[in-house]
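This report refers to the structure that appears directly beneath it.
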Amino acid sequence: MGVLLGSVAAYTVVATLLVTGVGHLTRPAALTRALAAHRVLPAPAAVAGLVVTAELLLAGAGVVALRGDDGRALRIAVGVAAAGLLGLYAGYGRHVLSTGRTGPCGCSRRELPMSGWVVARAAVLSGLALLGAVLSGSVLGWGRLAADLAVVLLAAATFTVGLWQLPAAMYHPRPVRPARGDLSG
């Protein structure tokens with residue numbers, strides 16, 4: 001069970017960091033605009049650049065660490081660093097929400113508002129990264145193809161997509177209600 005749990009956790013976090021980093025690269029101004037709208041951090045463009053760089057570096061190191069069964073030390077380092085980065089995301093999101101500031105989350109190409117679901121996703125991913133680090137000795141490397149690895153990759157892909165879509169799936173914009181007596185709506 002530790003092999004499945006640790007492997008799915010590690011692959012889910014690496015895939016999410018890769019998707020997030022590439023998403024930010026394809027629409028670089030979205031994160032900067034979101035950070036500026038939150039009015040929490042100075043120099044939003046510089047912070048956005050650091051965030052994207054950290055995501056892509058961790059994703060790249062994670063891919064290398066997951067290549068074989070001998071990358072335990074690197075898997076631990078990536079897991080701990082990813083847990084820290086994702087934990088910062090959760091803390092930042094919680095701070096933005098607790099101060100009543102609004103704006104997009106900046107976490108994808110789609111304009112979604114900062115919400116508790118964004119915070120929850122970051123917290124869950126942080127926990128998964130930590131779990132992957134703790135169980136790093138049992139993580140299956142992608143260097144050897146086997147049925148076990150296929151199950152891990154399918155499960156990780158499912159969790160990655162599910163977690164990635166969570167804030168969008170739970171977003172329900174308030175419907176615009178027509179004013180009393182307005183029959184056009």
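Name the residue that is nearest to Asp70 (Cα to Cα), counting only residues in region 143-153 that are in contact (Cβ under 8 Å) with a residue 60 or more places away in the chain and not in a helix (DSSP H, G or I). Residue satisfying both the conditions and the ranking: Gly143. If the condition is being modelled with pLDDT of 95 or more and either surrounded by fewer than 17 Cβ atoms within 10 Å (Cβ to Cβ) or small (Gly, Ala, Ser) (or both), then region 101-123 contributes Ala120, Ala122, Ala123. The set of residues from region 88-100 being in a helix (DSSP H, G or I), surrounded by fewer than 18 Cβ atoms within 10 Å (Cβ to Cβ) and not aliphatic (A, V, I, L, M) comprises Gly91, Arg94, His95, Ser98.
Of the residues making up region 152-171, those that are exposed (fewer than 15 other Cβ atoms within 10 Å of the Cβ) and among the β-branched types (Val, Ile, Thr) are Thr158, Val161. Scanning region 111-142 for residues that are within 17 Å of Tyr89 (Cβ to Cβ) and part of a loop (DSSP other than H, G, I, E, B) yields Leu112, Met114, Ser115. Pairs, please: C-beta under 6 Å, at least 6 apart or cross-chain, first residue within 16 Å of Leu112 (Cβ to Cβ) and in a loop (DSSP other than H, G, I, E, B) and in region 161-185, second open to solvent by 80 Å² or more (accessible area, probe 1.4 Å) and at pLDDT 70 or above? These pairs meet every condition: Met170/Trp117.
Results for (1) at pLDDT below 90; (2) within 30 Å of Leu74 (Cα to Cα); (3) touching a strand residue (DSSP E or B) at 6+ places or on another chain (Cβ under 7 Å); (4) basic (Lys, Arg), shown as yes or no for each residue.
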{"position": "Leu4", "(1), (2), (3), (4)": "no, yes, no, no"}
{"position": "Tyr11", "(1), (2), (3), (4)": "no, yes, no, no"}
{"position": "Gly21", "(1), (2), (3), (4)": "no, yes, no, no"}
{"position": "Leu25", "(1), (2), (3), (4)": "no, yes, no, no"}
{"position": "Pro28", "(1), (2), (3), (4)": "yes, yes, no, no"}
{"position": "Thr32", "(1), (2), (3), (4)": "no, no, no, no"}
{"position": "Leu35", "(1), (2), (3), (4)": "no, no, no, no"}
{"position": "Val40", "(1), (2), (3), (4)": "no, no, no, no"}
{"position": "Ala46", "(1), (2), (3), (4)": "no, yes, no, no"}
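In this structure, Leu85 does not qualify as modelled with pLDDT under 95, under 14 Å from the mean Cα position of the chain (by Cα) and either part of a helix (DSSP H, G or I) or buried (at least 20 other Cβ atoms within 10 Å of the Cβ) (or both). Tally up the residues in region 124-139 that are surrounded by fewer than 20 Cβ atoms within 10 Å (Cβ to Cβ) and under 11 Å from the mean Cα position of the chain (by Cα), please. Residues flagged as surrounded by fewer than 20 Cβ atoms within 10 Å (Cβ to Cβ) and under 11 Å from the mean Cα position of the chain (by Cα) within region 124-139 amount to 1.
Here region 30-82 is the region considered, the condition is being among the hydrophobic types (A, V, I, L, M, F, W, C) and in a loop (DSSP other than H, G, I, E, B), and the residue that is farthest from Val3 (Cα to Cα) is Ala43.
Being open to solvent by 60 Å² or more (accessible area, probe 1.4 Å), touching a helix residue (DSSP H, G or I) at 6+ places or on another chain (Cβ under 8 Å) and in contact (Cβ under 8 Å) with a residue 40 or more places away in the chain is the filter here, so list the residues in region 64-82 that pass it. Correct list: Arg72, Ile76, Val80.
Being in contact with a Pro (Cβ under 9 Å, 6 or more places away or on another chain), among the polar types (S, T, N, Q) and within 22 Å of Thr26 (Cα to Cα) is a description that does not apply to Ser115.
The values are calculated or read from the model by the stated rules, or taken from the named source; none is laboratory data. What you see is a predicted model; the values in this text were computed from it and never measured. Methodologically, a virtual Cβ is constructed for each residue, glycine included, from the backbone with ideal geometry; neighbour enumeration extends over all protein chains shown. The area values use the complete protein model at the heavy-atom level, side chains included, leaving out ligands, DNA and RNA. Shrake-Rupley method; radii C 1.70, N 1.55, O 1.52, S 1.80 Å.
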